[in-house]
Amino acid sequence: QVQLVESGGGLVQPGGSLRLSCAASGRIFSINAMGWYRQAPGKQRELVATITSGGSTSYADSYKGRFTISRDNAKNTAYLQMNSLKPEDTAVYSCNARVRSHPLDFWVDYWGQGTQVTVSS
């Protein structure tokens, strides 16, 4: 099995920054895309950003210029640098990874439990 563990969430004032981490562990042969999603209270989960194994990134329009996704393939870890945070960024942030546990396996999507980000003064 594969586990994804997010960290780095917490309480931050408006205008502040946080850096989230998502570490994948377990039976990993290779990881394709990794992504960050968020779910605000009373809303559906939405995509924030994705990054391929080659480092190509994609962002939802709402986060371009404020959030930056990156990854360290050697550590099987993705990051989300969040700047200029606003109260409306308050949400549970979860990561997703598309993993192959064996060269002959299919790709499987795994999810972490999420980390709470609260932006408030």
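The values are calculated or read from the model by the stated rules, or taken from the named source; none is laboratory data. Just so it is clear, the model here is predicted, and its values are computed rather than measured. Quick reminder, even Gly has a Cβ in these numbers, built from the backbone with ideal geometry, and neighbours come from all protein chains shown. Surface areas here come from the heavy atoms of the whole protein model, side chains and all, with no ligands, DNA or RNA. Shrake-Rupley method; radii C 1.70, N 1.55, O 1.52, S 1.80 Å.
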Worksheet item: Which condition breaks for VAL119 when tested against (1) out of contact with any strand residue (DSSP E or B) (no Cβ under 6 Å at 6 or more places or on another chain); (2) at pLDDT 95 or above; (3) aliphatic (A, V, I, L, M)?
Response: (1)
Worksheet item: Does any residue of the range 98-113 turn out to be touching a residue at least 60 places away in the same chain (Cβ under 8 Å) and among the basic types (Lys, Arg)?
Response: yes
Worksheet item: In the range 63-77, which residues are loosely packed, with under 13 Cβ neighbours inside 10 Å and either touching a residue at least 12 places away in the same chain (Cβ under 8 Å) or part of a strand (DSSP E or B) (or both)?
Response: ASP72, LYS75
Discussion item. Please determine whether any residue of the range 38-48 is of a type in the set (Asp, Glu), open to solvent by 70 Å² or more (accessible area, probe 1.4 Å) and touching a residue at least 12 places away in the same chain (Cβ under 8 Å).
Written reply: yes
Discussion item. Quick test for you: out of THR68, THR77, pick the one residue that is over 18 Å from VAL119 (Cα atoms) and modelled with pLDDT of 95 or more.
Written reply: THR77
Practice prompt. Could you please find all residues in the range 86-116 being open to solvent by less than 80 Å² (accessible area, probe 1.4 Å), at pLDDT 95 or above and over 16 Å from the mean Cα position of the chain (by Cα)?
Written response: PRO87, ARG100, VAL108
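Taking the options SER58, SER25, name whichever one is open to solvent by less than 60 Å² (accessible area, probe 1.4 Å), farther than 24 Å from GLN116 by Cβ, of a type outside the set (Phe, Trp, Tyr) and assigned to a strand (DSSP E or B).
SER58 is the lone residue from the list that is open to solvent by less than 60 Å² (accessible area, probe 1.4 Å), farther than 24 Å from GLN116 by Cβ, of a type outside the set (Phe, Trp, Tyr) and assigned to a strand (DSSP E or B).
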Discussion item. So, PRO14, is that one surrounded by fewer than 17 Cβ atoms within 10 Å (Cβ to Cβ), at pLDDT below 95 and closer than 29 Å to SER121 by Cα or not?
Written reply: no
Worksheet item: What single numbered condition from (1) part of a strand (DSSP E or B); (2) in contact with a helix residue (DSSP H, G or I) (Cβ under 9 Å, 6 or more places away or on another chain); (3) among the polar types (S, T, N, Q) fails to hold for SER121?
Response: (1)
